[in-house]
1. Filter region 232-254 down to residues that are more than 22 Å from the chain's Cα centre (by Cα) and either hydrophobic (A, V, I, L, M, F, W, C) or assigned to a helix (DSSP H, G or I) (or both), then give me how many there are.
2. For region 255-294: of the residues being of a type in the set (Gly, Ala, Ser) and surrounded by fewer than 18 Cβ atoms within 10 Å (Cβ to Cβ), which is nearest to the chain's Cα centre (by Cα)?
3. Could you please find all residues in region 235-246 being in contact (Cβ under 8 Å) with a residue 24 or more places away in the chain and surrounded by fewer than 17 Cβ atoms within 10 Å (Cβ to Cβ)?
4. Of all residues in region 93-109, which are closer than 14 Å to residue 76 by Cβ and not β-branched (Val, Ile, Thr)?
5. Out of region 142-171, which residues are among the hydroxyl-bearing types (Ser, Thr, Tyr) and over 9 Å from residue 81 (Cβ atoms)?
6. Which residue pairs have Cβ atoms closer than 6 Å, lie 6 or more positions apart in sequence or on different chains, and pair a first residue in region 295-307 that is surrounded by 14 or more Cβ atoms within 10 Å (Cβ to Cβ) with a second residue that is among the hydroxyl-bearing types (Ser, Thr, Tyr) and part of a loop (DSSP other than H, G, I, E, B)?
7. So if I check each of 192, 213, 266, 249, which one is more than 18 Å from residue 157 (Cα to Cα) and either in contact with a helix residue (DSSP H, G or I) (Cβ under 8 Å, 6 or more places away or on another chain) or touching a residue at least 60 places away in the same chain (Cβ under 8 Å) (or both)?
Amino acid sequence: MTDTVKSNLIQLACALHGLESEKTNPASEKLDMLNSLEIATLMNAEDHKVAHAVQRVLPEIGAAIEAAATALRAGGRIIYIGAGTSGRLGVLDAAEVPPTFSAPSDMVIGLIAGGAAAMFSSQEGIEDDPARGADDLGAVKVSALDFVVGLAASGRTPYVLGAIRKAQAGGAKTAGISCNAQSPLAQLCDLAITPIVGPEILSGSTRLKSGTAQKQILNMISTGAMVRIGKCYGNRMVDLNASNEKLKARAINLVEELTPCDKDAALKALESTKWDIKAAILIGKTGMSAMDAISSIRASGGHLRKAIAAEIANGSLKNRQ
C-alpha cells in the first residue's frame, strides 16, 4: 500500500467518523446481550424515528414529485442511481412501476453500481469510481428532459456524485436522497432530500433506518408522480396492467365499483377495450363505444377524471350516473 493510498484511507476514515449515519447509537450499546424479543423491540422503536425524519423533509419530497411529474409530461424519465442498498432500492421502485401503472418499462429506470449482478451480490468497490457512475448514466442517454435522483445514505458515494455531475452537464434536473446533513450529494443536487434518521442500531449499517427512509421517499416520488400524470382515479389503480388472473379480477371489481355495471357488464367493457380499465369505466358510465371511450381518454391526456368531466359537459353521463 503506497503512502498516498494510506493517506487517502486515513482522510476517508476521518470523514466517515463525523457522519451521523456512522455514529454509535447509545440505545444499542449492549445489542449483543439482548434476547430476540428485545432486539426486535429495539429495532421497532428506532424505526419509529424514520417516519418523523421523513416528515421533516416533506416539502422537498413534494418538490421532487412535481419535478418527476414535469419530466414525465415532457417525455422524459425518472432515473434513480445508487450503489449497494441504495441502488437496490432504486431498482426495486423502478421495477414496480410498470405493473402497477401500466407504464412503459423505461419511464422509471433504476441504475445500480455493478449492474444486474450487484442486485444479488456485493459489488461495493465499484461505488468508489465516479467515472463509472457517469458512464452508466450516459449509457441510458440522459437528457435535459429527465429527472435524475441520486441515492446514497452517506451522501458522499463517488459513483453517485459522478452520475449527478453527468446529469447536470446534460441539463437534467437532479435530486439527492441522503441521510447526513450538508453532504456532498445534498450540496451538489438541485434538490436535496435529507431525512436525518440518526445512528443505526448496528453502527454504520445503513440498510436499516437509512434504507427504510429512502424506500419511503421513493414510494412517494414514484406514486406521487404517477398520480399527477393521471394514472389513478381517486385512490384506485385504474391504469394497472391486467396481466394475470388476479389483476383481471381486480380490474372487473374496479369497473363494477366505479360504474352502474355488474361484473358481467364490467368484463364485457374490459374485453371490448382490450383491458383498458379507464376506457372501460367510461363505457360503464356513458354507454359509449370502446373506440370513442379510448379516444376520450387520450384526448384528456390519460386523466380519467378529466374525460368524465368532458362527457358530463356534453351530456353523455346524464342518464348513467
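1. 9
2. If we take residues in region 255-294 being of a type in the set (Gly, Ala, Ser) and surrounded by fewer than 18 Cβ atoms within 10 Å (Cβ to Cβ), then 272 is nearest to the chain's Cα centre (by Cα).
3. Within region 235-246, the first condition is being in contact (Cβ under 8 Å) with a residue 24 or more places away in the chain, and the residues that meet it are 237-243.
If the condition is that a residue be in contact (Cβ under 8 Å) with a residue 24 or more places away in the chain and surrounded by fewer than 17 Cβ atoms within 10 Å (Cβ to Cβ), then 241, 243 are the ones that fit.
4. Hits for region 93-109 are 103, 104, 106, 107.
5. 143, 154, 157
6. From region 295-307, the pairs are 306/300; 307/300.
7. Just one listed residue meets the conditions, 266.
For (1) farther than 26 Å from residue 292 by Cβ; (2) aliphatic (A, V, I, L, M); (3) at pLDDT 95 or above, each residue gets a yes or a no:
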site: 214; (1), (2), (3): yes, no, yes
site: 217; (1), (2), (3): yes, yes, yes
site: 224; (1), (2), (3): yes, no, yes
site: 236; (1), (2), (3): no, no, no
site: 261; (1), (2), (3): no, no, no
site: 270; (1), (2), (3): no, yes, yes
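The values are calculated or read from the model by the stated rules, or taken from the named source; none is laboratory data. These numbers come from a predicted model, not from an experiment. No Cβ is skipped: glycine too gets one built from the backbone with ideal geometry, and neighbour counts run over all protein chains shown.
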